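Below is one structure, written out as C-alpha cells; comments come after it.
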Amino acid sequence: MPYQFIIADKHGKVGLITLNRPQQLNALCDALIDELGAALAAFEADETVGSMVITGSPKAFAAGADITAMKDWSYMDVYQPDYLGPNWARIRNCRKPVIAAVAGYALGGGCELAMSCDMIFAADTAKFGQPEIKLGVLPGAGGTQRLPRAIGKAKAMDMCLTARMMDAKEAEQAGLVARVIAADQLIEETLAAAETIAGYSLPVIMMIKEAINRAYEMPLGEGLLYERRVFQAAFALADRKEGMAAFVEKRQPAFKNR
Ligand code: CAA
C-alpha cells in the first residue's frame, strides 16, 4: 500500500514499518500516526504476519510530535479532536507483538511511540528523552505514565523535569530497553528476533502479550489468576498439543496458529 510518511513491507513473517520523514527527523504529524495505525491494522489482519517492527532512520527514530504543526493550536484545536488519543491508541491496541528498533533520537512523542511498543531494541547510537518541558508543555502520549513504570519514579522525574537525554547504555541498565545492538546490526538483529517470535504459535504469542500487559493493569493476585486461566485455555489449542508432542518426539513443532 502506498504511504506518504512511512514505508511498510514484509520480511518473511514480520511486518516492518519505517518512519519516513527524514527532513523533519520523523516528527510525528497526525497523518504519519494515521498511516502507522493503518499499516499496523493491515499487518494485524494479515494471517501470514506474526510480529511487527517499527523503525526510523539512523539519525532519528522520531524527534517527537510535530512542533511546527502544533505551534499555533488552541486548546479547542487539541481537545475537540482528542489530539494524541484515538490514532495513538491504535498502536497500543495492537494484539500482535511490536518491537521498536531505535537508532538516534527518540524524543518526546518519539520516546513515547517506542514505549507504546512491546519492547525496544536500541542501537548504540540511540538517545531517549522527554524534552517537552523546554517547549512549555508536558509529555502527552504516555511519557509520564510509561516512563516511571519502565525506569522508576526517580529517573522518570529526572528525564521529564530536566529534559536531559539518556543514552542506550543507561536506558538498558534502567530497564527501558531490551537489547543494545551495534547500529549497523540493528535492523538485522531486530528482524531476526521478530522472525523468531513469529515462528511460534500466533494465539500463544498473543496470549503472552496480553498476560504481560495485564501485569500493569491488575493487582498481583488478579494477574496470577488471569495468567493461570489463559494458561489453562491454551490447552484448547491444537498448537499446544503439537508443541508438547514435538518435544516428546524430539522434532520441531509445526504450529498451525490454531
Ligand atoms: N517537530 C517538527 N520538526 C522537527 C522536530 C519536531 N519535533 N524535530 C526536528 N525537526 C526538524 C527541525 O525543525 C529541522 O527542520 P529544518 O531543517 O526545516 O530547520 C529538522 O527537523 C532537523 O532538525 P535540527 O536542525 O534541529 O537537527 P539537529 O541535529 O540540530 O537537532 C534534535 C536534533 C536535538 C532532535 C532537535 O531537532 C530537537 O530538539 N528537536 C525537537 C525535540 C522535541 O522537543 N521533541 C518533543 C516534541 S513535543 C512532543 O513530542 C509532545 C508529546 O508528548 C507527543
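Below 12 angstrom from the Cβ of Val53, what's the summed charge of the other residues (Lys, Arg +1; Asp, Glu -1)? Result for the neighbourhood of Val53: -2. Each of Ala182, Ala194, Leu135 was placed along the dipole of region 126-201 (beta-carbon charges, centred on the mean Cα), and the one lying farthest toward the positive end is Leu135. Each principal axis of the chain carries a Cα extent, and these read 63, 44, 39 Å when sorted largest first.
Can you compute the FRET efficiency between Glu249 and Gln145 using 1/(1 + (r/R0)^6), with r the Cβ-Cβ distance and R0 = 51 Å? Round to the nearest 0.05.
On the way: r = 46 Å, r/R0 = 0.91.
Given R0 = 51 Å and the Cβ-Cβ separation, E is 0.65.
Counting only alpha carbon atoms, the long axis of helix 220-233 and the longest principal axis of the chain meet at about 40°.
Taking Cα atoms, how many degrees apart are the long axis of helix 186-198 and the longest axis of the chain, rounded to 10 and kept between 0 and 90? Helix 186-198 sits at roughly 40 degrees to that axis. For the chain, the share of DSSP beta bridges that are antiparallel, to the nearest 5, is 25%.
Based only on Cα atoms, what Rg/Rh ratio does region 112-166 have, Rh being taken as Kirkwood's radius?
Over the Cα atoms of region 112-166, Rg/Rh equals 0.94.
Going by the alpha-carbon gyration tensor, a ≥ b ≥ c the square roots of its eigenvalues, is region 175-258 rounded (a/c under 1.5) or, if a/c is not under 1.5, prolate (a/b greater than b/c) versus oblate? Because a/c hits 1.5 or more and a/b fails to exceed b/c, region 175-258 counts as oblate.
The stretch between Ala42 and Ala233 holds 66.0 nm of extra length on full extension. This uses 0.36 nm per residue minus the Cα-Cα distance.
At 222 nm, what helix-only mean residue ellipticity would the chain give, in deg cm²/dmol to the nearest 500, using -39500 (n - 2.57) for each DSSP H run of four or more? Mind dumping the intermediate values first?
On the way: 12 runs with 117 residues, N = 258.
-13000 deg cm²/dmol, from helical runs alone.
Neighbour counting of Cβ atoms within 10 Å sorts the residues Arg251, Arg149, fewest neighbours leading, into Arg251, Arg149. If you run the Gaussian network model on the chain, springs between alpha carbon atoms under 10 Å, then out of Arg229, Arg92, Arg179 the most flexible one is Arg229.
So for the pair Lys153, Gln23, with labels modelled 7 Å out along Cα→Cβ, what separation do we get in nm? My value for the distance between the label points is 4.6 nm. Treating the angle as unsigned and between 0 and 90°, give the value, to the nearest 10°, between the Cα long axis of helix 30-45 and the longest Cα principal axis of the chain. So the inclination is approximately 0 degrees. Note down the net charge around Val98, summing +1 for each Lys or Arg and -1 for each Asp or Glu among other residues with Cβ under 12 Å from its Cβ. For residues surrounding Val98, the net value is +3.
Laboratory data are not the source of any read-out in this text; all were calculated from the coordinates shown. Quick caveat: nothing in here was measured; it's all calculated off a predicted structure. All Cβ positions, even for glycine, are placed from backbone atoms using ideal geometry, and neighbour counts span all protein chains on display.
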